[in-house]
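The structure appears right after this line, and notes come after that.
The values are calculated or read from the model by the stated rules, or taken from the named source; none is laboratory data. Since the structure is predicted, the reported quantities are computational estimates derived from the model, not experimental observations. Glycine also receives a Cβ, built like all others from the backbone with ideal geometry; neighbour counts cover every protein chain displayed.
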Amino acid sequence: MNSAVQPTVPNAAEQRSKITTRRRLALTVALAVTVVALLALASYWWATGRYLQSTDDAYIKADWVALSSRVAGNVAAVEVEDDQPVQAGDVLVRLHDRDYNARLDQARAGVAQAQAALLAAAASQQLAAERINLQRQAILQAQAALRSAKAEARRSQLDIQRYRELVRDHAATAQRLETATSQASQAQAAEQAAQAALQQQQSQLNMAKLRAAQVDAELKQCQATLSRAQAQQQLAEQDQQDTVIRAPIAGVVGQRRVRAGQYVLPGQPLLAVVPLQQAYVVANYKETQLEHMRPGQPVRIAVDSFSDHDLRGHVASLSPASGNVFALLPSDNATGNFTKIVQRFPVRILLDQPLPDLTLLPGMSVVTQVDTRPGASTDEH
C-alpha cells in the first residue's frame, strides 16, 4: 500500500512550486505595472498636471444691453417678439411722434425767424458802415470849408490894415475902411460857422460809430439767438428720432416688457438685446491658483449643456480685485473673530472658435481648465 502512495507526493510538491512561481511572477508584473503607472502619473503631473488649473465655478456671460426710451410717450407699435434675433439698427419699438413733430416744426420756425433777424441786422450793419463813410466825406468837406473861411478871414484882416494906412495917408475914404471892416466881420462869422459845422459833422460821425457799435451788438445777439434756435431744432430732431428705438447691437431680444399702447417714461426698461455671438466665460478661480496664470494662456472649456463637445479658449484678462471687493456689502475683517477664507478672482476667458451648431446662452455652467505651463499657447491646443 505504501508503494502505491509514494509516487503522488512529488507531483503535489511540484504543483505547489509552480503556483508559487506563478504568483510571484504575477505579483512582480503587477508591481512593475504599478511602478510604471506611478512613474507615468508622476511624470505627467510634474510636466503637465501641476500646471493645469481647473474650476467648476464658471459661467457663460454676454454683455447684453437693456434698452429704454429717451423720451416719454405712448407706444405705437412693438416690432419684435420675445427671443427674436435682430441686427444692429433694426427697429424695435415705435412711439407716437405727433407732439415731437409739432415741436420740431416750431423749432424750425424759430430758426427761420432768427435767420431773418440776422439778415436784417447784417443789413443794418452795412448801412451803419455806409453812414460812417458818408459822414467822413462830410467832415472832409467841412474841413475844406473851414480852411476857406479862415483864409478869407485872414485876407479881410489884411484889407483892414491896408485901408487903415491908406485912410491915414488920405489915399482912401473912411467909407472904404468901414466896408473892409464889415467884410472882415462877415469872414470871421463865416469862419465860426464853418468851425461849428465841422464840429457838428464830427459829432454826427461819433453818433454813426455808436450806432454801428449798437448794430454790431444786435448782430451778435441775433447770431446767438440763431445758435440757440438751431440747438433747439437739433434737440427737437433728436427727440423726434428717439421715438423710434433701434437695436444698438446684433443679438436676441429678451425681457420684453413693453406693449403697444403703454405709456413709457425716459429711462424705463423696455427690453434687452443679448449678443449671443459675443458670449464669453467668467471663471472664478481661487487666489491660490493664480500664481502662474497669465493672459493668453490656453483654456479647455466643458459646457454642462453640451457634454459631448470640448471647446477651446484663452485667458483674456484677470480681475483687478476679488469678487468680495466688488460685492454690495463687502466683508469687514477688522471686526469680530477672523476666519480665513480663500478668495476667488474672476478670470475672463474668450472662446477661440465656438462650434457653429452650439448656442451658448449666458448663465450656462461650464468647467474650465487653464494650462499655465511656461510658453503654453492656444496653437499647441
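Data table
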quantity: Hits in the stretch 127-162 (condition: within 15 Å of Glu191 (Cβ to Cβ), at pLDDT 80 or above and surrounded by fewer than 15 Cβ atoms within 10 Å (Cβ to Cβ)); calculated: Ala144, Arg147, Ser148, Ala151, Arg154
quantity: Strands (runs of 3 or more DSSP E) within the stretch 292-381 that include 3 or more residues closer than 19 Å to Asp57 by Cα and within 31 Å of the chain's Cα centre (by Cα); calculated: 306-318, 344-351
quantity: Candidate set from the stretch 312-330 (those that are without any contact (Cβ under 8 Å) to a residue 12 or more places away in the chain and surrounded by 12 or more Cβ atoms within 10 Å (Cβ to Cβ)); member that is farthest from Asn284 (Cα to Cα); calculated: Pro330
quantity: Strands (runs of 3 or more DSSP E) (entirely within the stretch 251-290) containing at least 1 residues that are touching a Lys or Arg at 6+ places or on another chain (Cβ under 6 Å) and under 16 Å from Val86 (Cα atoms); calculated: 269-274
quantity: Strands (runs of 3 or more DSSP E) within the stretch 20-79 that include 3 or more residues out of contact with any Pro (no Cβ under 6 Å at 6 or more places or on another chain); calculated: 52-61, 73-78
quantity: Residue check, Ala236 under 30 Å from Trp64 (Cα atoms), touching a residue at least 12 places away in the same chain (Cβ under 8 Å), out of contact with any helix residue (DSSP H, G or I) (no Cβ under 7 Å at 6 or more places or on another chain) and among the small types (Gly, Ala, Ser); calculated: no
quantity: Test: residue in the stretch 196-215 that is of a type in the set (Val, Ile, Thr), out of contact with any Gly (no Cβ under 6 Å at 6 or more places or on another chain), surrounded by 13 or more Cβ atoms within 10 Å (Cβ to Cβ) and closer than 30 Å to Val71 by Cα; calculated: no
quantity: Residue identified as in contact with a Leu (Cβ under 7 Å, 6 or more places away or on another chain) and at pLDDT below 95 among Leu205, Leu210, Leu198, Leu177; calculated: Leu198
quantity: Subset of the stretch 222-250 [over 15 Å from Pro269 (Cα atoms), part of a loop (DSSP other than H, G, I, E, B) and small (Gly, Ala, Ser)]; calculated: Ala250
